[in-house]
Amino acid sequence: MRFLRRSKHNIRFDKKLISPLLRISKDTHKRGYPSAGALYSVEVFCCSLSPKNTWPCPEKILHPLPHSRKFEIMQGSYDANSIKEAILPKGSKIGNPSLAIVYVMYMPKTLFKYRYRGYRLALMETGSIYMLIDLQCKHLNIKSRQWSGYTDNMLCKVIGLNPTLFFPACVQLIGG
C-alpha cells in the first residue's frame, strides 16, 4: 500500500508513504521516528488538496492513529478547496500539490514532561518525521517540500483543532 503518483495532480491514498509515523511492531509502543521520552507530542493530519485524489472517504482530512495503524476521519472536512485555502495563500506560486501532511504540536503533552524545553523537542520530532516522509517521497519518486506560509488559526480551524492547545509546526506538501 502506498501513495502512488498516477498523474500530475492525482495521488491514490495508501499507508506506505506515512509508514514511519505508525507503530514499529505490535510488541512495542515505539514508532518509526525518535521522540524525547517517547511522548510523541506531535500529531499528524493527512489532507487531500485535490478533488482528483482517490481518497478512502468523502472527508478530506485523516488523522493516523499510530497504535492501531488506522485513521481517524476528521468530521466535516469535505471541502478540499477550504483546506487548500488555509494552507496555501491566494497568489502563491508553489504549484499544485495533491496532498498536505500537517504536523501539529499538542502543547499540554509537549510541556508536560520537559516544560519549556518541550517546545524545542517537539520541533526536533517534527523535523525527524518530515525528513523520513521526504525520504519515502524520494523513494516513490514523488515531489515533496516543507511549507510554513500559512496562518496558524486558519489551519487549526479547518482541521477542527483548538488553536490554544495545538500549534502547527510545519506543513509538508506532496505532489505537483
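The values are calculated or read from the model by the stated rules, or taken from the named source; none is laboratory data. Small disclaimer: the values here were computed from a predicted structure and weren't measured. Neighbour counts run over all protein chains shown; Cβ positions are idealised from the backbone, glycine included. What goes into the accessible areas is simple: the full protein's heavy atoms, side chains included, and nothing from ligands, DNA or RNA. Shrake-Rupley method; radii C 1.70, N 1.55, O 1.52, S 1.80 Å.
Details
- Percent carbon-and-sulfur accessible area, segment 15-174, ignoring ligands, DNA and RNA, probe 1.4 Å: 56
- In this calculation the C-beta distance from residue 152 to residue 78 is compared with R0 = 22 Å, giving a FRET efficiency of 0.45.
- Applying the Karplus relation 6.51 cos²θ - 1.76 cosθ + 1.60 with θ = phi - 60° to segment 91-100 yields 3J(HN,Hα) values of x, 6, 9, 9, x, 10, x, 8, 9, 10 Hz, where x marks Gly and Pro.
- Close amide H contacts of residue 31 (hydrogens built in the peptide plane, cut-off under 5 Å, sequence separation of 5 or more or a different chain): 24.
- Segment 15-174 - accessible surface per residue (Å², probe 1.4 Å): 51
- Zone residues, segment 27-62, relative to residue 120, backbone N less than 19 Å from point 7 Å out along Cα-to-Cβ: 34-42
- With the highest mean first, a sort of the peptides 49-58, 99-108 on other beta-carbon atoms found within 10 angstrom per residue produces 99-108, 49-58.
- Within the same chain, aspartates and glutamates fewer than 8 places from residue 52 are excluded, and of the rest, those with a Cα less than 19 Å from its Cα are 14, 79, 85.
- Note on the chain: dipole from Cβ charges, positive end direction compared against 148, 118, 135; the farthest Cα belongs to 135.
- Given charges at beta-carbon only (K, R positive; D, E negative), |dipole| of segment 69-157 in Debye: 280
- Length gained on full extension, residue 112 to residue 162: 16.2 nm, using 0.36 nm per residue less the C-alpha separation.
- Theoretical gain in end-to-end length, residue 143 to residue 128 [0.36 nm per residue, Cα-Cα removed]: 3.6 nm
- Only Cα sites of segment 15-174 enter the Debye sum here, all with the same form factor; the resulting log10 I(q)/I(0) across q = 0.14 1/Å is -0.69, listed in q order.
- Sorting 143-149, 118-124 by their mean Cβ neighbour count within 10 Å, with the most densely packed peptide first, gives 118-124, 143-149.
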